[in-house]
Amino acid sequence: AEMTVPQPVYEYIGPPKLVDWDQASLVKWRRAREQYEENIHERCEWTGEDYKAVVRSVRSAVDPDMMTFLATYEIGKDKSQITDEDIMVKAKERI
């Protein structure tokens, strides 16, 4: 009899959405983001996937209206120029 190896099942792990800019929301979002990144690291350890290829950017999880707000009032750059680092630095300043 031929042995079959069960295929791993991957749960979709999406990044937490950044939709509010008040301190309490940012604290919650940052914790959720850290948990998300930890989960992706763990998945990559098991699967051998490249973390950078799997993890979603902070930008990709920012609500479009929030991105407009950040560009206009917090970061002072065109939306297309805003980096993950820009967002994280401003979020840390608010917390």
- Tell me, which residue of segment 39-61 that is more than 8 Å from the chain's Cα centre (by Cα) and polar (S, T, N, Q) is farthest from I87 (Cα to Cα)? T47
- Query: With segment 8-95 as the region, which helices (runs of 4 or more DSSP H) entirely inside it contain at least 1 residues that are surrounded by 11 or more Cβ atoms within 10 Å (Cβ to Cβ) and at pLDDT below 95?
  - Reply: 23-47, 51-54, 84-94
- Item | Cross-chain or 6+ apart pairs with Cβ under 6 Å, segment 59-70 first and without any contact (Cβ under 8 Å) to a residue 60 or more places away in the chain, then in a helix (DSSP H, G or I) and surrounded by fewer than 17 Cβ atoms within 10 Å (Cβ to Cβ) | R59/D84; M67/K79
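The values are calculated or read from the model by the stated rules, or taken from the named source; none is laboratory data. Keep in mind the model is a prediction, meaning the values are calculated, not measured. Counting neighbours? That spans all protein chains shown, and the Cβs are built from the backbone with ideal geometry, glycine included.
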